[in-house]
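Heads up, the thing below is written out as structure tokens.
The values are calculated or read from the model by the stated rules, or taken from the named source; none is laboratory data. The structure presented is a predicted model; accordingly, all values stated were derived computationally and were not measured. Note that each Cβ is placed from the backbone with ideal geometry, even for glycine, and that neighbours are counted across all protein chains shown.
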Amino acid sequence: MELSSKLVKSVAYDPSTGVLDIEIRLKGHRRYFNVPPVVYENLITASSPGWYYTRHIRDAYPRSAEGADGRLGAFKAILGRRDQLS
């Protein structure tokens, strides 16, 4: 779901697993776990979804180390190869 926010571009939520995927503008995807449905509802209905995300989600729920798109994992792999070449 697209949001009209300067920070949060879009969100997707699976109520059966409590997984919340958030696309942050200019920073990529984040995947959060054990998020209650009410938090998702509050996020998508907030007058400022970016503020709500920062205040109530960003540091409150477990997050995958790689995010939803795995970019961090690829970055770590590149760094690992660089260290092997030194």
In the stretch 46-67, residues that are of a type in the set (Lys, Arg) and on the phi > 0 side of the Ramachandran plot total 0
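Is it the case, given these coordinates, that residue 43 is modelled with pLDDT under 95 and either crowded, with 18+ Cβ neighbours inside 10 Å or on the phi > 0 side of the Ramachandran plot (or both)?
Considered against the rule, which asks whether it is modelled with pLDDT under 95 and either crowded, with 18+ Cβ neighbours inside 10 Å or on the phi > 0 side of the Ramachandran plot (or both), residue 43 comes out as no.
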Considering only the stretch 1-60, state which residues are basic (Lys, Arg) and not in a loop (DSSP other than H, G, I, E, B).
9, 30, 31, 55
Looking only at the stretch 1-22, and only at residues there that are of a type in the set (Asp, Glu) and modelled with pLDDT of 95 or more, the one that is surrounded by the fewest Cβ atoms within 10 Å (Cβ to Cβ):
14
